[in-house]
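Written below as structure tokens is the structure these notes are about.
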Amino acid sequence: MTAIETGHRDEDQKNGSLTRRSLIGGLAVFAALSFIGLPAEPVRAQTAVAQKIADHFASVKTMSGEFVQFGPRGEQTGGKFFISRPGKIRFNYDAPSPMRVIADGKSVVIGNQKMKTWDLYPLSKTPLKLLLSDEIDLSGKMVRDVKEEPDLVTIVLGDRSIFGDATITMMFDPKTYDLRQWTITDAQKKDTSVMIFNVKNGVPMDDKVFRIPYDDVRK
């Protein structure tokens, strides 16, 4: 478990919110979209499909919607997310979770509004940097499997440099290539699943949505 995951685990559980592991698991899958890499041989035949999916996702400059997240112990929460390329993202978790996650193009913060604590990271040191870029290049990294079915395109991702032994399974609509659902399986084989809905693309967004309260972060 990383320092991010352990910060306020007990307090989050007392308040009925997600553990840090579940929170980061849910966010990591968005970040994982930037690492849809393809090995030279195993999934060469599916390269075109995966690249079309990545190109479609990268072509969406703004996106907003709702999500429901299921943690490894059955805990459930939801909220709203907002994306603006390049470099900006926000996750608002519904009450009773006090968590907020914001990237403003330079930094990423994970905040607990109730505890008034913030963890700050350079965006360039996180996979969110590539996720939120204007282009997503699939020529590197790893895709462990790509499965095409009549009603679903599934991509299984693994990248030791980012997620260790964890894998991410993402499910897309085969006609529109829109993301439907994802599941993160961690090194202990525990799953965190997220479903998104009411997604709107190309919506106007105010930069205030992605403003980080640096004065509070640095206290």
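The values are calculated or read from the model by the stated rules, or taken from the named source; none is laboratory data. Every value quoted in this text rests on a predicted model; they were computed, and no experiment measured them. Note: ideal-geometry Cβ built from the backbone for every residue, glycine included; neighbour counts use all protein chains shown.
Asn92 meets all of the listed conditions (1) modelled with pLDDT under 90; (2) over 24 Å from Ile155 (Cα atoms) but one, namely (1). Can you find even one residue in region 81-91 that is more than 20 Å from Arg180 (Cα to Cα) and either part of a strand (DSSP E or B) or in contact with a His (Cβ under 8 Å, 6 or more places away or on another chain) (or both)? Within region 81-91, one or more residues are more than 20 Å from Arg180 (Cα to Cα) and either part of a strand (DSSP E or B) or in contact with a His (Cβ under 8 Å, 6 or more places away or on another chain) (or both). So in region 49-64, with the set limited to residues that are closer than 15 Å to Gly87 by Cα and of a type in the set (A, V, I, L, M, F, W, C), which one is surrounded by the fewest Cβ atoms within 10 Å (Cβ to Cβ)? Only one residue fits best here, namely Val60. Looking across Arg73, Arg20, one residue alone is out of contact with any Pro (no Cβ under 8 Å at 6 or more places or on another chain), modelled with pLDDT of 55 or more and among the charged types (D, E, K, R). It is Arg73. Of all positions in region 73-91, at least one carries a residue that is of a type outside the set (Ser, Thr, Tyr), within 15 Å of Phe210 (Cα to Cα) and free of Cβ contacts under 8 Å to residues at least 24 places away in the same chain. Quick one: in region 137-153, of everything that is within 19 Å of the chain's Cα centre (by Cα) and not in a strand (DSSP E or B), which residue is modelled with the lowest pLDDT? Checked region 137-153; the qualifying residue modelled with the lowest pLDDT is Leu138.
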